[in-house]
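The values are calculated or read from the model by the stated rules, or taken from the named source; none is laboratory data. None of the values given here were measured: they were computed from a predicted structure. Counting neighbours? That spans all protein chains shown, and the Cβs are built from the backbone with ideal geometry, glycine included. Please note that ligands, DNA and RNA were not included when accessible areas were found on the heavy atoms of the full protein model with its side chains. Shrake-Rupley method; radii C 1.70, N 1.55, O 1.52, S 1.80 Å.
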Amino acid sequence: IASLKGYPGYETAMESEGAKAMADARGETMEVLPGKALGPFMLGCPLSKVISYMKHWGMQYRQVQVQFSQGDLSTDICLVAATIGLRLRFCGYSQRLKLIDVYDPKKIQISYEGRLLSGPKSTPTFSLVSRVLGPTFPGKCHPKREVYMLQYPGVCALFPFKSTLEKHDQVVERLEQIDPVAVRFFLHTGKSCLERLQLPSLGASELYFELVVVRIGTGIRFAKRKRSLLFRRHTLQHVLSVLGKPDQVYVKDIDSMRIHRASSNSADGKLPPTTRGDYFLNYFQLGIDILLSGKTHFVKKMVLHTNMPATRNFNRYNRCNYQIMVSVEQQLAAKSGKEVDGKSKILAATVENRSNGETVSESILNSHKQTERKTPASSKAISFHTKWDDVKNILGPSGRPMVYGGSPGLLDYPLLSNDGADGKSKSDKSPSGPMILGGASELNRLNPFKSTLFYAYDGIVFEVLPNKYIASITLFSTS
């Protein structure tokens, strides 16, 4: 559980119809749209848009808790606004709103077709709910939970009820006599909340959570758009024609790891020429950053974000639904430790902090070699929910990682290991340990979360969280 104040968040422009409804609510009476929305909160809405609204409007959203499970990605993410008794549940996979839970109706004022249903000045009794929402089929009793569920299409009301009556007529008559007060309201998609919760279907033109197919060393392809972005081939004009206007443009002004590239790639130790003028196109809504050359304007690198909770960049980007296709040849090359183009096994990669002007580049040396070769049966796929151990099983072991996102003295240094030829783990006896990036940064000192580790392969760098999930991937050309 973490406070919203700990996340930087990107204030998105509210241009859709749902966003206009958000701007109109501002903490006033929230209208119930069965199976669709409660005030500004629309079922199927992305997590980032809801958080942006909460941060933009109203003091009632200043104390919002984010509830999630660090060990299981499939677990739903919840936003809890205790001051108004509201819990919003999001799908852990797509991060879209799938259930609106009004767990304290006395704190929030809601209405249906202009008639008050609950709030500080309106008590949601059984008779009031039946009168406002209209007639429906008899509800269901749950003796173990001691509640009576009154179900409408897209809306469900729960009433406290203790009874041993079996006939529906007797139950309804008893409810009319005691007239209990509703303790909870659910808004959902579908006819009943007892069924498996479903998300509203995305339209053919809706590009949120679009599948992005990754080819290591080559580029990416968007499934719905049926357009590609390729390294050292496509220019700025092509990027804009495929993705449109970026949310932000950041021009690199410093390369903090330039000295490391000089020591590893240059015989005389001279610094390589600066890359000033290179610039990022930040697409926060797509969860993608594109780095282009300042001289040629060709695509140089791409960064795809997973928007995992408990990370410093949570809610800055939407989740990118990428899928990395690893061919048999790529698996063999990665696992055998082959040299590429006659060069030493140095995997140079650049990871950029795209939105606040902070640049992190790394040059990672793979100093360990695997002698045992295994031939995979077929091509395999790596997606945003693939854990790091499964990634290593597909691509093989990597070199020692780089650490980013913590301050000196606060890092929990991992026990680094490499898989030997016998398949057993051998500890890394390197006296230097993992390389630290940005440790002295003031922003990193304020980061409440643990550091992330960067592991590099030829053409791709993985940013790995302490729970072994992937925070982002950085793609670059291998030619």
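Relative contact order of segment 183-249, please, whole-number percent, based on alpha carbon pairs below 8 angstrom and at least 6 residues apart. Present the calculation step by step, with values, prior to reporting the outcome.
On the way: 46 pairs, mean separation 10.0, N = 67.
Dividing the mean separation by the residue count of segment 183-249 yields 15 percent.
7 Å from Cα along Cα→Cβ at both residue 113 and residue 36: what's the point-to-point distance in nm?
1.4 nm
Using the Karplus curve 6.51 cos²θ - 1.76 cosθ + 1.60 with θ = phi - 60°, what ³J(HN,Hα) values do you get for each residue of segment 80-91, in whole Hz, with x for Gly and Pro?
10, 9, 5, 5, 10, x, 10, 10, 10, 9, 10, 4
Just flag the trypsin sites (Lys or Arg not before Pro) in segment 87-138 sitting in loop per DSSP whose Cβ has no more than 12 other Cβ atoms within 10 Å.
On the way: sites: 87, 89, 96, 98, 106, 107, 115, 121, 131; in loops: 106, 107, 121.
Answer in residue order: 121.
List the residues whose amide H sits under 5 Å from the amide H of residue 451, counting only those 5 or more places along or on another chain, with H placed 1.01 Å from N in the peptide plane.
Amide H neighbours of residue 451: 412.
Quick one: of 252/300; 245/295; 245/300; 55/300; 380/468, which pairs are farther than 24 Å apart, Cα to Cα?
Working: 252/300 13 Å; 245/295 20 Å; 245/300 18 Å; 55/300 35 Å; 380/468 19 Å.
Over 24 Å Cα-Cα: 55/300.
With all protein chains present and a 1.4 Å probe, how do 56, 234, 142, 188 order by accessible area, largest first? Walk me through the numbers before you get to the answer.
Working: 56 105, 234 30, 142 55, 188 0 Å².
My answer, sorted largest first, is 56, 142, 234, 188.
Can you tell me the length gained on complete extension of the stretch residue 240 to residue 468, counting 0.36 nm per residue apart and subtracting the Cα distance? Can you show the working numbers first?
Working: separation 228, 0.36 × 228 = 82.08 nm, distance 3.41 nm.
Value of the extension gain: 78.7 nm.
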